[in-house]
Structure formats: C-alpha cells, structure tokens
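Novice: The following block contains the structure, expressed as structure tokens.
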Amino acid sequence: MKQDTTQATPFKLVYNRTATLLVKIEVKTYPTEPITKENFQKTLLRKTYDLMEILENTWQKAADNIQKSQEKQKERHNNQLPDKPVKFKIEDKVLLHHTKIEKQLSKNFDFK
C-alpha cells in the first residue's frame, strides 16, 4: 500500500520494485548476452550501478514527496491558528487542563 507522504511503498523504497508473490515471479535475465567468466565481474558491476542509480532516483522522489507533504501539513496547521495571539492579563480566568495528572489521580481527588 502506498504511503500518502512518500507516494511509494516501503518495499519500493528499499528494493526499488513492487513486492510479488512467488507464484507471480517471471525470471527476467539481465543482460541479454551470456555470462562468462570474463564478463561476469563487468556485468555484475554494471547491474549494481544501474540499481544504485535507480534507487537514488526513487529515494529522491520520495524525499521530494515528503517535503511537499510537510509543507502542506504546515500550511494547514498555520491556517487553523488564530491571526493574533491571545494575550492574557493578570487575574484573567483561564481553563487549565492537566490530562497527564488527571490519569494519575483517583476519582476521589478533586483537582483544584
């Protein structure tokens, strides 16, 4: 399932492919030329560099999506804030709410 922030699955971010069940696997050969002792090292390095480049691009896209999502969240949060901060004066009555303390106190205690 795609994450809203990264627009990718965690599996995709790690392995740069979608997760498949064993019954759905198709063997794809890479590269098309036969692998011999002489070209094995070169083929392995080429495949590794190709995967690294693809993964870096995927990670960069995810980072960009995270940045966009964080900016949207910040904008939504800032839109909910009042335009002017409330300034209290001495002797003003305010509602004081201690959820942490209320969970610790029994019902018989009267929080004052």
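All of the numbers you see were taken from the coordinates with simple rules; none came from a lab. All values reported here derive from a predicted model rather than from experimental measurement.
Novice: Once you sort the root eigenvalues of the Cα gyration tensor of segment 44-100 as a ≥ b ≥ c, which label holds: rounded (a/c under 1.5), prolate (a/b larger than b/c) or oblate (the other case)? Don't skip to the end; give the middle numbers.
Specialist: Details: a/c = 7.03, a/b = 3.60, b/c = 1.95.
Taking the square roots of the gyration eigenvalues as a ≥ b ≥ c, segment 44-100 is prolate.
Novice: Multiplying the sequence separation of Asp92 and Gln41 by 0.36 nm and subtracting their Cα-Cα distance, what value in nm do you get? Walk me through the numbers on the way to the answer.
Specialist: Numbers: separation 51, 0.36 × 51 = 18.36 nm, distance 7.69 nm.
That pair, Asp92 and Gln41, stretches by 10.7 nm at full extension.
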